[in-house]
Amino acid sequence: MSVWIAIIFTGFLTFGTRFLPLSPLMPEKLPDWLQLAMKFVPVSVLSAIIIPAIFISEDTGYIVIQDNLRIVAAIVAIFVAYFSRSTAITILSGLSVIWILTFLE
Amino acid sequence: MTNKFVHKNSALNEFVSGLKDGLPLQIGVIPFGIVFGIVGLEVGLSPLQTFFMSSILFGGASQIVFTQLHATATPFAVLVATVSAVNLRHLLYGMVMSEYLRHLPLKWRLALGYLLTDEAFAVSHQRYTQRPTSDFMHYHLLGSGIMLWFCWQVSTAIGILSGPTIPESFQLGFAIPLTFIAVIIPSLSHFPAIFSAISAGLAALLFQFLPFNLWLIVAAFCGIIVGTLSSYVSKNYIKKIQERK
């Protein structure tokens, strides 16, 4: 049940952030520093999710560097994302690296 | 009579060109939706929850963040705060588009607000700025938005249906960080953004000990502060160099 509440609540807030600027409630211009800071929100939040998902072991909760296939896969994915600019190809390349390395182990 | 016909025609033209302009982007959207459908089930959401999240939330990054946080048993408040933080960029889109959309009747603004995603914004903002203006430009955003909405729902459903057939050894959960890598790499085109990404990532590792997954919000703030400050510094630096010349 609480999952449904979370979905509806976050859905409402998501709609709010999209609709608010189209409503008269919002000032037409925010301070420069705030506009600048907002540009860094997606990069910061997503990096903060990416890095632990690569380095922290799901089993132990500790940082793993040795024999961590995810690091290799992530590096490959970064290069592929840079050159292909495609979400699909990036996901596929990263997963294939994991599959191949697991298979070879 | 003729006048009315012309109006209808150009509204339809705008709508169709919105659909068409949105089409190439679906190459990225459809696999993303399929991954979301698969991952949603994998982290323990029900098929219905996964499916309706795509229409209630209707935002790829926020939905995947939601599933990631659900998987790690994050408390409600932190989950809501983080998903909202991911969505803050929409305020920017809205502010850019409001110049063109503010005058529309409420029902139009409600509908277009709902449809204003990264992709629809990118496509329709191009149309608003590059081609000759018309009174029906909002139909373009309606078209690109509906194209995206439709593909997103269908691809989510495909993911939900195909998910259970995929064995766990495929480690599809790792598709989440991979998706985010694909999302942020194109935006790392200047140093402040790179600094922001690195500091947020390091902080996320450093603050793991915080309760309630609060490391996420702390790390995000580190990234935002470092990014903002470093772009101020680099702007001043560029100014100084130009003054010297």
**Study point:** Share of Cα-Cα pairs in region B:157-236 lying beyond 15 Å, as whole percent
**Key:** 68 percent
Check your understanding: Can you give the accessible area of A:ILE78 in Å² (nearest 10), computed on protein heavy atoms with a 1.4 Å probe?
Key -> 70 Å²
Study note, to complete from the structure: Cα extents of region B:65-176 along the principal axes, largest first, in whole Å, come to 53, 31, 25
**Study point:** Residue (of B:SER231, B:ALA71, B:VAL35) at the positive-pole extreme of chain B, dipole from beta-carbon charges
**Key:** B:SER231
**Study point:** Solvent exposure, largest accessible area first (probe 1.4 Å, DNA, RNA and ligands not counted), of B:ILE34, A:ILE50, A:ILE63
**Key:** A:ILE63, B:ILE34, A:ILE50
Check your understanding: Based on Cα positions only, what radius of gyration and what Dmax would you give for chain B, in angstroms?
Key -> 20.8, 70
Exercise for review: Please compute P(r) over all alpha-carbon pairs of region B:110-245, binned at 5 Å starting from zero, and give each bin as a whole-number percent.
Suggested key: 2, 8, 10, 11, 12, 13, 17, 13, 7, 4, 2, 1, 0
Practice item. Can you grab the distance from the C-alpha centre of region A:8-67 to the C-alpha centre of region B:27-59, Å, no decimals? Key: 18 Å
Point to revise | Whole-Hz couplings from phi, Karplus 6.51/-1.76/1.60, listed for region B:23-30; x for Gly and Pro | key: 4, x, 5, 5, 4, x, 6, 5
Point to revise | Among B:GLY94, B:PHE195, B:ILE166 the positive-end extreme of the charge dipole of chain B (Cβ point charges) | key: B:GLY94
Revision key, fill the gap. By accessible area (1.4 Å), largest first, B:HIS138, B:HIS103, B:HIS70, B:HIS90 order as B:HIS103, B:HIS70, B:HIS138, B:HIS90
Review point. So what's the net charge close to A:PRO21: Lys and Arg +1, Asp and Glu -1, counting the other residues with Cβ under 12 Å from its Cβ?
Key: +3
Revision key, fill the gap. Computed ³J(HN,Hα) along region A:17-22: with the Karplus parameters 6.51/-1.76/1.60, θ = phi - 60°, integer Hz and x for glycine or proline, the list is 5, 8, 7, 3, x, 8
Review point. For a label point 7 angstrom out from the Cα of B:LEU210 toward its Cβ, which stretches of region B:53-89 have the backbone nitrogen within less than 16 Å?
Key: B:69, B:74-86
Review point. Which sequence of B:LEU210, B:LEU172, B:LEU202 reflects their accessible areas, 1.4 Å probe, from the largest down?
Key: B:LEU202, B:LEU210, B:LEU172
Point to revise | Cα-based Rg / Dmax (Å) for the protein assembly as shown | key: 21.0, 75
Practice item. Please identify every one of the chymotrypsin sites (Phe, Trp or Tyr not before Pro) in region B:129-210 that sits in a loop by DSSP and has no more than 11 other beta carbons within 10 Å of its own beta carbon. Key: B:PHE209
Study note, to complete from the structure: For chain A, shape from the Cα gyration tensor axes a ≥ b ≥ c, cut at a/c of 1.5 then a/b versus b/c, turns out prolate
Check your understanding: Helix A:69-84: angle to the longest alpha-carbon principal axis of chain A, degrees 0 to 90, nearest 10?
Key -> 60 degrees
Review point. Of the cross-linked pairs B:LYS20/B:LYS235; A:LYS29/B:LYS107; B:LYS107/B:LYS235, which ones have a Cα-Cα span greater than 30 Å in the structure shown?
Key: B:LYS20/B:LYS235; B:LYS107/B:LYS235
Review point. Among the aspartates and glutamates, which fall within straight-line cross-link reach of A:LYS39, defined as a Cα-Cα distance under 20 Å, with same-chain neighbours fewer than 8 residues apart omitted?
Key: A:GLU28, B:GLU99, B:ASP118, B:GLU119
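The values are calculated or read from the model by the stated rules, or taken from the named source; none is laboratory data. Predicted model only: the values in this text are computed from it and were never measured. Virtual Cβ from ideal backbone geometry, glycine too; neighbours counted across all protein chains shown. Keep in mind that these areas ignore ligands, DNA and RNA; they rest on the heavy atoms of the full protein, side chains included. Shrake-Rupley method; radii C 1.70, N 1.55, O 1.52, S 1.80 Å.
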